[in-house]
Amino acid sequence: MNFTWKPTHKKSLVVFLAIALINILGNFFFYRIDLTQDKRYTLSETSLKLAKEIDEPLQIEVFLKGNFPGEFKKLQAETQQLLEEFKAYNNNITFQFINPLADDEARDTIMAAFISKGMLPVNVTLTDKGKQSQEVAFPWALATYKGQSVKVPLLKNNMGASTAEKVVSSVQHLEYAFANAFNTVIKPKQKKIAVIKGNGELHDLLMADFIKQVRENYFIGTFTLDSVAKKPVESLSFLSKYDLAIIAKPTEAFSEAEKLVLDQYIMQGGKTMWLIDQVNIDMDSLYNPAGSSLAYPFDLNVNDLFFKYGIRINPTLIKDVMATPIALATGEKGSGTQYTEYPWLFNPLIFSDSKHPIVSNMDGVKFQFANGMELLSNDIKKTTLLHSSPYSKSVGTPVQVSLNMVNERPEQVEFTGKGQIPVAVLLEGRFHSMYENRVLPFETKNYQKIGISNKMIVVSDGDVIRNQLDKEYQPLELGYDKWTNKLYANKEFMLNCVNYLLDDSGLINIRNKSVELPLLDQEKVYANYTASQVLTIGLPLLLLAIFGLVFTVLRKRRFGK
């Protein structure tokens, strides 16, 4: 049999060789193209670095499978697409979607197990042609690596937002949520956090939920400043072993020696987070027969310290029209106790308008009796993370505070031009010691007048980190108000602060990722339901029928001769 080489054979060979070459090169070079406008499927360098460090199977169980409305299906699809991106860069990453409530008989037991692990369910509304029904969903994932598991929240609980708006906000945080989970399970804890004690700070039980959450990524322990009185140099040396010091709502004045220890800790590069109250008042002091209490300033002896660093916390209270409610008992004597919610202007609800990764796209944070802050002029970079609303003002102290103030009806003119008062500020730079050109309270050979590059966060409310207790005096989730059954973003804010101060890998910067998802107008869909069906189903069938008819006619004309 003779084989005749034709030009078509040459073309076929070239195509074959080209395909073979592309496959060979594909084994050596890996590249993915993201054609979305907002680059939502392009992983950050930090995420890629974490993915490459996974050298053993990492299994992810996503509990987003079931009968969900369109918004949740969007969250499901975006979660799957993101995990496929991670898997494309490392085959050790595997995932599966699970319906945890598929077994009706074990439904209650499974729900109780999820809730006990802190994975709370949400109720979702299914709507079909105007008919509504309720379903339960668990918008969580569980990442397991080398026997260690960590839960991944998939849905942000933004107050007042629709389900569709919550999904959009959640999609923006998906990469950070999974990258943070990967970082937790693959990297051993290294950084150390000291919770400062000895000056009447919050009891551990009142910040237990924060401590529990932080412990997943960092070592955390107590450091008592009482030892400074006898061994100041040794105390400074011991404190310097910690990477971050948290001072949460002290109520007793700091001595000069204690201040020098904290000052030199900062000069040596130690990060600090100050949660300070300059006014003595809290809600518990109002629950008395008179329903009132005197709010008065008390001196913690740290004003000069903050002044040197570039801020001032004023002994004032912020009244804000944008406030969280409090629940007060109402009803006649002898009748059943009823609770009614009233706006409480001394509890500002603060939403951030900053693009800083600590507070970007974050829900409202609840403050209680917050103090006003001023930013002073020096070489330190200052970023206002949170400030009161435009309709707020400062109230000088001492002042009588009464529960009867819930009946106040403030006028807008009272707050005009007085709002946007800073309550949380980030300071970054080389701090100057407060004791520069001053007599030191104790001698130390390693005294530094100017510190290395550093950063600290100052919040003018110690209750931001405080969690409530249930009837059995067990800590509730930080940010949850048991009286109004509302959840605020205090926990997210506090954890973001810690992560930013201690994060060397840039993980926190992933929170700045912006994703634009078009929202479906449900009312418009219902109004044009029939037209939409005709357009999406009828029109393609009609076009297919026309094409088939034309094709058949042309075929008969060509081959019927």
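The values are calculated or read from the model by the stated rules, or taken from the named source; none is laboratory data. As the structure is a computational prediction, the values presented were derived from the model and not from experiment. Using ideal geometry, Cβ is built from the backbone for each residue, glycine included, and neighbour counts are taken over all protein chains shown. For the accessible areas, the whole protein counts, side chains as well, though only heavy atoms, and no ligand, DNA or RNA atoms are used. Shrake-Rupley method; radii C 1.70, N 1.55, O 1.52, S 1.80 Å.
Got a sec? What order do F551, F442 fall in by accessible area at 1.4 Å, biggest, i.e. largest, first? Intermediate values should be presented prior to the final figure.
Values: F551 120, F442 25 Å².
Heavy-atom accessible area, descending, gives F551, F442.
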Cα-based Rg and Dmax for the range 45-146, where Dmax is the largest Cα-Cα distance (Å): 15.8, 50
Fully extended contour minus Cα-Cα distance, from V14 to R312, at 0.36 nm per residue: 99.8 nm
Vicinal HN-Hα couplings computed from phi for the range 216-231 (Karplus, 6.51 cos²θ - 1.76 cosθ + 1.60; Hz; Gly/Pro x): 5, 10, 9, 6, 9, x, 9, 10, 9, 6, 4, 5, 5, 4, 9, 10
Net dipole in debye of the range 162-229 [+1 Lys, Arg Cβ; -1 Asp, Glu Cβ; about Cα centre; nearest 20]: 280 debye
The range 339-367 residues near the modelled N404 label - backbone nitrogen below 19 Å, point 7 Å along Cα→Cβ: 342-346
The range 52-102: proportion of alpha-carbon pairs further apart than 13 angstrom, %: 60 percent
Amide H within-cut-off set for I311, under 5 Å, with H built and near neighbours excluded: L376
Apportionment of accessible area to carbon and sulfur, the range 169-251, percent (1.4 Å): 53 percent
Which listed pairs, of K418/K482; K249/K271; K393/K482; K52/K117; K189/K486; K117/K166, have C-alpha distances above 26 Å, in listed order: K418/K482; K393/K482; K52/K117; K189/K486
D353 accessible area, 1.4 Å probe, all protein chains in place, Å² to nearest 10: 100 Å²
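Could you sort D379, D55 by their accessible area in this structure, using a 1.4 Å probe and putting the largest first?
Values: D379 150, D55 105 Å².
Result, largest first: D379, D55.
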Nearest-0.05 FRET efficiency for K449 and Y339, computed from C-beta distance (R0 56 Å): 0.50
Per-residue HN-Hα couplings for the range 146-154 [Karplus 6.51, -1.76, 1.60; θ = phi - 60°; Hz; x = Gly/Pro]: 6, x, 9, 10, 9, 7, 10, x, 9
Residue-span extension gain [N67 to Q474] - 0.36 nm each, minus C-alpha spacing: 143.0 nm
K52-F219 FRET efficiency (beta carbon distance; Förster radius 25 Å; 0.05 resolution): 0.45
Rounded to 5, the percent of DSSP beta bridges in the range 217-356 classed as antiparallel: 65 percent
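Using 0.36 nm times the number of residues separating V553 and T330, minus their current alpha carbon distance, what extension gain do you get?
Values: separation 223, 0.36 × 223 = 80.28 nm, distance 8.25 nm.
Value of the extension gain: 72.0 nm.
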Integer Hz, Karplus 6.51/-1.76/1.60 couplings in order for the range 242-251, x for Gly and Pro: 8, 8, 9, 10, 10, 10, 10, 6, x, 10
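Among 222-229, 70-77, 469-476, what's the highest-first ranking by average C-beta atoms within 10 angstrom per residue? The partial results should precede the final answer.
On the way: 222-229: 16.9, 70-77: 18.8, 469-476: 10.5.
Order by mean packing, descending: 70-77, 222-229, 469-476.
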Area accessible to solvent at W483, 1.4 Å probe radius, in Å²: 140 Å²
For L385, residues with placed amide H under 5 Å, excluding near neighbours: A424, V425, L426
Kirkwood-based Rg to Rh ratio, the range 165-312, C-alpha trace: 1.05
For the range 363-474, alpha-carbon Rg and Dmax in angstrom: 19.4, 59
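Can you give the accessible area per residue of the range 335-413, in Å², using a 1.4 Å probe? Could the numbers behind the result be given before it?
Working: 3850 Å² over 79 residues.
With all protein chains present, the range 335-413 gives 49 Å² per residue.
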